[in-house]
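Step one of this worksheet: look at the structure below.
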Amino acid sequence: MKWLILLLGILANASASVLVKLAMMPPRKFPSPGDPLAALSNWPFWLGLTLYGGAFLLYAASLARLPLNVAHPVLTSGAVAAVALFSALLFREHFHWTTGTGILLVLAGVALITARAA
């Protein structure tokens, strides 16, 4: 259960980042001094903000079940890896082999750091 909570936190964090990116892309605009009320109709922004809050709550819940030196590196590296994959799949951003290698190295490093603590 503790790992499921952490995984949901990773997914919420990465999804929030994707939604905020989507919120800043045309035709949406946020914020604009000329039209401040346009921000209210920018649903990806508000959903992303909500998911960031949910990710924080899931992170806090995981800290009640896992050591800090396990939960934090797993959450942050998992979110970095998920955002890199989502950005390539959803926004067609460049995914070079060095990105994939870097993700693997980060995940391997986190596995080594947290292996004994978990």
*Residues that are part of a loop (DSSP other than H, G, I, E, B) and exposed (fewer than 13 other Cβ atoms within 10 Å of the Cβ), drawn from the stretch 32-56*: Ser32, Pro33, Gly34, Asp35
*asked:* Of the residues Val83, Val106, only one is modelled with pLDDT of 95 or more and within 17 Å of the chain's Cα centre (by Cα); which?
replied: Val83
*Conditions (1) closer than 30 Å to Arg116 by Cβ; (2) over 14 Å from the mean Cα position of the chain (by Cα): number failed by Trp97*: (1)
_When you scan the stretch 28-47, do you find a residue that is closer than 30 Å to Met1 by Cβ and within 20 Å of the chain's Cα centre (by Cα), even just one?_
yes
*asked:* Among the numbered criteria (1) within 23 Å of Glu93 (Cα to Cα); (2) assigned to a helix (DSSP H, G or I), which one does Ala61 miss?
replied: (1)
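The values are calculated or read from the model by the stated rules, or taken from the named source; none is laboratory data. Computed from a predicted model, the values in this text were never measured in an experiment. When we count neighbours, we look across all protein chains shown, and the Cβ atoms used for this are built from the backbone with ideal geometry, even at glycine.
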